Amino acid sequence: MSEIHQDIVSQIYAAGLLPELWPSVIDSLSDQVKGRGGSLFILTDGQLTWDAPQATKTIMEEYIAGGWADRNVRLQRLLEKSYPAFVVDKDFFEEDEIQSLAIFRDFLSPRDIAFTAATVIKGSGDDIAVFSVDRRFAEGRFAGPELDFLNTIRPHLGRAVALAGRLRMKQTMTAMATLQLLGIPAAVLSRNSKVIATNASFDRLAGQIFLPAAFGRLALYDKRADGLLRQALEGTIVQQRSVRSIAVRSENRLPTGILHVIPACMQAQDIIGAGGTLLILARPIGDITLNAEWLKGLYDLSPTEARIAAQLSEGKSLEKIASQTGSAKETVRTHVKHLLQKTGFARQIDFVRAAGSLAAIQPQLSDTTNAVLSEV
């Protein structure tokens with residue numbers, strides 16, 4: 001194995017641990033075959049995500065914005081065949097057919113992308129990764145030796161993609177185990193709301209609060225709360241990434257606690273996966289003050305809304321808050337109205353109850369996230 005070859009392999013396994021390194025891997029592969037960049041598509045739970053090096057990033061942004069991902073016959077054909085090798089357009093299309101494709105005629109050709117070598121790699125579960133390297137017209141078609149080189153690299157791409165999936169699952173299980181030690185029932189759902197992992201505290205509530213549903217999903221015994229959960233999960237699918245807190249009753253209709261539906265964002269995506277959702281059931285407790293900054297990040301509140309939310313959680317009235325902040329009562333009321341809209345509650349008392357349950361998990365959640373991320 002040449003020194004350059006070894007360097008690329010090292011980059012690939014590093015990217016398996018740190019996904020932000022994939023664009024540099026694509027750049028390195030492209031350089032070795034006289035390309036002009038390329039792309040990486042990942043299909044998880046029916047959702048397509050992508051990345052690309054600087055040379056083709058703007059083109060890929062235009063590709064996504066123009067809706068070409070849903071109209072790319074080349075990609076559809078590649079996914080259908082799933083050959084265990086790097087392939088080129090002529091493996092799927094006749095030359096005159098290629099020239100007539102809208103994706104080639106109207107998008108790729110005007111941007112001087114003439115030839116593409118691509119491969120499909122199946123990861124853990126139903127995940128699929130598509131790596132591609134592009135060439136300009138002036139550089140000509142990919143030749144046999146260049147495809148041979150890409151195919152010697154392909155097994156390492158496959159192992160790195162699998163490594164990334166296993167690492168994410170390990171982080172998920174670590175988070176579940178840590179929350180279990182703290183006595184907090186928790187579960188992780190995938191982008192399409194399938195249950196990926198639960199802890200023992202969550203499992204013990206099966207049949208009382210949580211019910212199995214079709215396609216590996218779950219439901220709540222409390223029908224009203226179940227409807228709110230469905231709405232919250234549908235919101236995460238369409239990228240309305242806000243936390244929802246839902247009051248839940250058990251099978252005997254007694255109040256049980258607050259189910260916090262927390263979509264993955266920023267570093268949390270490394271733990272529960274992009275598009276995933278963390279469910280936490282917490283019981284209200286008293287005499288613990290919520291951190292305003294924590295509430296601000298959790299519910300996307302303004303600084304003023306977060307401070308008022310923290311004061312409400314302490315049991316303060318609107319009059320008391322207005323007096324302490326030097327604001328008019330109606331101004332405070334307006335802020336409360338806005339924070340209720342953002343947190344998904346219709347009544348102030350419901351938010352206060354939910355805040356009481358958040359106080360039970362606030363420090364533990366922060367410690368759990370930090371502990372899991374420290375292992376990466």
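The values are calculated or read from the model by the stated rules, or taken from the named source; none is laboratory data. Since the structure is predicted, the reported quantities are computational estimates derived from the model, not experimental observations. As a convention, Cβ positions derive from the backbone with ideal geometry for all residues, glycine included, and neighbour counts pool all protein chains shown. SASA here: full protein model, heavy atoms, side chains in, ligands and nucleic acids out. Shrake-Rupley method; radii C 1.70, N 1.55, O 1.52, S 1.80 Å.
Over the Cα atoms of segment 114-235, what Rg and Dmax result, in angstrom?
21.6, 67
Leaving out ligands, DNA and RNA, what percent of the accessible area of segment 54-136 is carbon and sulfur, probe 1.4 Å?
Carbon-and-sulfur percentage of accessible area, whole number: 48.
In straight Cα distance, which lysines are under 27 Å from K337, not counting same-chain residues fewer than 8 positions off?
Excluding near neighbours in sequence, the set is K223, K296, K316, K320, K329.
Charges at C-beta only: +1 for Lys and Arg, -1 for Asp and Glu. How large is the resulting dipole of segment 140-239 about its Cα centre, in Debye rounded to 20?
In total the dipole reaches around 40 debye.
Ignoring ligands, DNA and RNA, please state the percent of accessible area on segment 141-230 from carbon and sulfur, probe 1.4 Å.
On segment 141-230, the fraction of accessible area on carbon and sulfur atoms equals 63 percent.
Please give the direction-averaged projected area of the C-alpha convex hull for segment 10-49, in square nanometres with one decimal.
Hull-based average projected area comes out at 3.2 nm².
Taking amide H positions as placed in the peptide plane 1.01 Å from N, state which residues far from Y221 in sequence (5 or more) or on other chains have amide H under 5 Å from it.
F210, L211
Taking a cut-off of 18 Å between Cα atoms, list the lysines near K34, but don't count ones fewer than 8 places away on the same chain.
Within the straight-line cut-off, K34 pairs with K57.
Once each part is reduced to its C-alpha centroid, what is the distance from segment 60-97 to segment 7-44 in angstrom?
For segment 60-97 versus segment 7-44, the Cα centre distance is 19 Å.
For the peptides 213-222, 90-99, 156-165, what is the packing order when you average, over each peptide's residues, the other Cβ atoms within 10 Å and list the highest mean first?
Top to bottom by mean Cβ count within 10 Å: 156-165, 213-222, 90-99.
Hey, what do the phi angles of segment 156-166 turn into as Karplus ³J(HN,Hα) couplings, whole Hz, using 6.51/-1.76/1.60 and θ = phi - 60°, x for Gly and Pro?
5, 4, x, 5, 5, 5, 5, 4, 4, x, 5
Can you give the convex hull volume of the alpha carbon atoms of segment 1-146 per residue, in Å³?
119 Å³
If a/c stays under 1.5 just call it rounded; otherwise compare a/b with b/c (prolate if a/b is bigger, oblate if not). Do that for segment 107-180, with a ≥ b ≥ c from the square roots of the Cα gyration tensor eigenvalues.
Verdict is prolate for segment 107-180.
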